[in-house]
Amino acid sequence: MKRKDGYLTLDGFMQRFSRRERAEIETGARRLAAEMTTFTKLRKARKLTQVQVAKRLGIAQENVSRIEKRSDMLVSTLRGYVQAMGGDLRLMAFFPGGDAIEVSFEDLRGTGKTKSSRVPAKSPRRTKGRTHRVRRAAA
C-alpha cells in the first residue's frame, strides 16, 4: 500500500478494492458529484444568482445554497425552487411495459407557492420579560 508521511494515500486505499469495485465506486462518485451540481447548473443556465432565487422564494441566500447541495428533498421544495426560476415542475412515474403517468400537484396549485409553516429565522420570543432569538434549522 502506498503511504505518504505515515498516512495511507487515496491510491493506496483504492488498491484494497477489485478493479470492478473501483469502477463502481468511481461511477457512484461521478453520479453524486453530478447530483450535487445539477441544481446549481440549472440556476446558472437561467442566468440567476442565489440571491435572486432567494428573494423570489422569500428565504435567505444560504438556504438556496443548502437546497442546491441536497441530494434528497421534499417535492414541494423542489417545485418552489423551479418556480422561483420561472419554471414548472412535472413529476412523471414510469412503469414496466412503458406506462408513464404524470403525478398531479393539484393540492399545491391554489396559491402558486408551496405550503410552508416557516417561522422567520430571527423571530423574537418573550419569556418572563426577556427577549430570546429563536434559531430555526433550514427547511
What does the highest-first list of 47-55, 62-70, 93-101 look like by mean Cβ count within 10 Å? 62-70, 47-55, 93-101
Within 10 Å of each residue's Cβ, count the other Cβ atoms and sort Phe17, Phe105, Phe39 from fewest upward. Phe17, Phe105, Phe39
Applied in sequence order to segment 11-16, the curve 6.51 cos²θ - 1.76 cosθ + 1.60 (Karplus, θ = phi - 60°) yields integer Hz couplings, x standing for Gly and Pro, of 4, x, 5, 5, 5, 5
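Read the figures in this text as sums done on the coordinates, not as results from a lab. Just so we're clear, the structure is a prediction, and the values are computed from it rather than from any experiment. A quick note on method: Cβ atoms are made from the backbone with ideal geometry, for glycine too, and the neighbour counts reach across all protein chains shown.
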